[in-house]
Amino acid sequence: MGNAKSSAMSKEILEDLKLSTKFTEQELSQWYENFQRQCPSGRITPGDFEAIYARFFPDSEAKTYAHHVFRSFDTNDDGTLDFKEYIIALHLTSTGKMSRKLEWAFSLFDVDKNSYITKAEVTEICHALFKLIPADEQDRLPMDENTPEKRATKLWSYFDKAEDGKLTEGEFIKGVLENEDALHLIQYQPQK
């Protein structure tokens, strides 16, 4: 029965996903079956994605951040996520290597997809991240990161930027790997 469902997924996509993720054929088949049940059209729309994010952050305004995450996962820029994009995103954010996660984080911060990041883009993502943080947690943040602007300024200070004020992917990854605080600033982990 499981094979009947996995045959609905093309062999090419299955083999590609097995090579580019750590998921087994059985896991991919189960994910595909669930994906098809949740998304009969075979695509996740931005609205669907925002609803998923809202369930993970029920006490926050997740729409803005979900929009940016969706944009970074929509690698073919068609305005939807297909199964392959979904699984690769799931792999990157859950089980992928740190370097791959940071490559994804760079794409998240590269709002206009021009292959570099500016302080304005860092500020935009920090605003979106900040909306995920419940007000009571915001009140407990250190003074130098208790607003989106302060968080962006602190994060931006960790990077060795070219004179033009633009940050390349390599500079971004190096800056985060060399500064544990930078890693903390590019994400939000809900407190239990």
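Below, the figures for the structure above:
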| read-out | value |
| --- | --- |
| Summed side-chain charge close to residue 55 - residues other than residue 55 whose Cβ falls under 14 Å, Lys, Arg +1, Asp, Glu -1 | -3 |
| Residue 8/residue 163 FRET efficiency (R0 35 Å; Cβ-Cβ; nearest 0.05) | 0.10 |
| Cβ-derived FRET efficiency at R0 22 Å, residue 180 paired with residue 77, nearest 0.05 | 0.10 |
| Over the chain, relative contact order from alpha-carbon pairs under 8 Å, at least 6 apart, % | 17 percent |
| Potential extension, residue 140-residue 90 segment - 0.36 nm per residue separation minus Cα distance | 15.0 nm |
| Where trypsin sites (Lys or Arg not before Pro) fall in DSSP loop in region 86-146, at most 12 other Cβ within 10 Å | 97, 113, 140 |
| Around residue 144: net Lys/Arg minus Asp/Glu count, Cβ-Cβ under 9 Å | +2 |
| Environment charge of residue 157, counting only residues whose C-beta is closer than 12 Å and scoring Lys/Arg +1, Asp/Glu -1 | +1 |
| Lysine pairs with alpha-carbon atoms under 20 Å apart, region 98-192, spacing 8 or more or separate chains | 20 |
| Cα gyration tensor shape for the chain, rounded if a/c is under 1.5, else prolate or oblate | prolate |
| Nitroxide proxy distance, nm - points 7 Å out along Cα→Cβ at residue 18 and residue 61 | 4.6 nm |
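Values quoted throughout were computed directly from the atomic coordinates according to the rules given, and no laboratory measurement underlies them. All values derive from a computational prediction rather than experimental measurement. Note: ideal-geometry Cβ built from the backbone for every residue, glycine included; neighbour counts use all protein chains shown.
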